[in-house]
Amino acid sequence: MIATVLLLCFLEGEAVLSNKQGSLEQKPQRRSVLILKQARTGSTWFCEEANNRGLHISQESMLNWDHFFPGNKTMDDFEEYFTKESRLAWVEQSLTRPMPKNPFAQQDGCSRIRKAAAETKKGLCATLDENACAPPFKKEACSDFHGCFHQWSAQNFCMHDSKEPSLLGTSFSYSSEFGDVNSQSVEHAKLLKDVVDKVRKSGVDVQVLTQSRSNVVHWALSKKFHSYKNRDPADKVKSEWEYTKDHSKLIIHDPEKFFIPKLVSASEIVEHSRHVDGGDSALMFYEDIGRNINSTIDALLKLFEPKTTHQTEATFCNNCQNQHPQPPADYIENIDEVLNKMKKYPCIVRQLRHENKYDTFILPYVLDKHGKFRMDLSKDCCVAESSTYIRSIDDYIKSYSTTC
């Protein structure tokens, strides 16, 4: 009798174990990506194309939350949403499960919903609980499994069916605010590091991807033309530079002040990301995205094992691929004067003379034995291998000595 009972218990235990194993097989490990970025236009296109393939990367998820407040509400009404703990909680949940663009995106998207909107979105809006998505944002009501609110909240369509995306995540500026912590500090980077570590411990496979610029000359030029296009009154005429009368070119009086800050900015995000996830974390440039969007998404997916898949081809992005695509000389009225003044900065001179906007440059970053990170402005730069679209931060730094 005892032997029979023991046998039944054993078989029952085996059945429970088998059911648990089957359940695990049905729910594969979630994979997510934290994109820390600098190149907003290229990153927006990158996320949209990735999302159109069935991925779920919430775009600009930490930017301008107050823009999406319900009507007649102010920051004071949502004070608890803007604490360091709440904003970090949003990052954590966005790396854990599919989430909308921000805590207010569903309300904002539903308040402006149009007749042409997808039936799925109409259905979600009909059942929206306005009070359900609040810090620490762990309730399922915060989720966005259809991708209706994670690229831009007013989109009419939903980006995919209610299925587990092969890859989820969030994208925002690396210097996004978390309370009163200095956004350029090591402490700021550690806050993100702690979130990434916490999500990994929960069982999610998280990759950190940095998106920066390597062609700083084109970056500086595009920002000035873009500021004019958007009529930024504080950025039309400065003592260092001005537009020609027809606004087709720039006259750069002080090229050192015009270009060098961009080299510094390019190094700052790489150093910051290295503090977040170490030298093995991934690095992608705006130039990689512009050169071949399909290959950059493939490179992202290859960071994960087993490999995730996509099906659709990329569309042409006029805003990225037609945004000042000509050589720098076509946009600088006094190019000879600028070249002469920048002779002590060989990398800037090389980029001023370089014709292809979408070549990725290997910049002269230096990492000393104490881990201090800087850029050697006295050194030249060179063009990287065009078939590489993502590399680790430390491999990129080391490639200078072997390639340049």
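The values are calculated or read from the model by the stated rules, or taken from the named source; none is laboratory data. Being a predicted model, the structure only gives us computed values, none of them experimental. Heads up, the Cβs are rebuilt from the backbone with ideal geometry, glycines too, and the neighbour counts pull from every protein chain shown. Note: accessible area is taken over every heavy atom of the protein model, side chains too, but ligands, DNA and RNA are not part of it. Shrake-Rupley method; radii C 1.70, N 1.55, O 1.52, S 1.80 Å.
Rounded to the nearest 0.05, what FRET efficiency is calculated for GLU119 and THR83 with R0 set to 45 Å and r the Cβ-Cβ distance? About 0.75, to the nearest 0.05.
For LYS73, the aspartates and glutamates whose Cα falls under 13 Å of its own Cα, not counting residues fewer than eight places away in the same chain, are ASP108. Amide H to amide H, with H built 1.01 Å from N, CYS382 comes under 5 Å of ILE362, counting only residues 5 or more places away or on other chains.
Quote the FRET efficiency, to the nearest 0.05, computed for THR402 versus MET75 with a Förster distance R0 of 41 Å and r equal to the Cβ-Cβ distance.
Details: r = 51 Å, r/R0 = 1.24.
For R0 = 41 Å, the calculated efficiency reads 0.20.
In straight-distance terms, cross-link reach from LYS369 covers every one of the lysines whose alpha-carbon lies under 17 Å from its own, apart from those fewer than eight places away in the same chain; here that gives LYS398.
Give the accessible surface of segment 179-228 per residue, rounded to a whole number of Å², with probe radius 1.4 Å and ligands, DNA and RNA excluded.
Accessible area per residue, segment 179-228: 39 Å².
Amide H contacts under 5 Å for GLN207: SER32, VAL33, LEU34, restricted to partners 5 or more places along the chain or on a different chain, H placed in the peptide plane at 1.01 Å from N.
For segment 55-177, rounded, prolate or oblate, judged on the Cα gyration tensor with a ≥ b ≥ c (square roots of eigenvalues), a/c < 1.5 rounded, else prolate if a/b > b/c?
Verdict is oblate for segment 55-177.
By the rule of a C-alpha distance below 12 Å, with chain neighbours fewer than 8 residues away ignored, the aspartates and glutamates paired with LYS163 are ASP144. How large, in percent, is the carbon and sulfur part of the accessible surface of segment 85-213 at a probe radius of 1.4 Å? Here carbon and sulfur together make up 49 percent of the probe-accessible area. Accessible area of THR402 (1.4 Å probe, protein heavy atoms only, ligands and nucleic acids ignored): about 120 Å².
In terms of packing, defined here as the mean over residues of other Cβ atoms within 10 angstrom, the peptides 166-174, 181-189, 282-290 line up highest first as 282-290, 166-174, 181-189.
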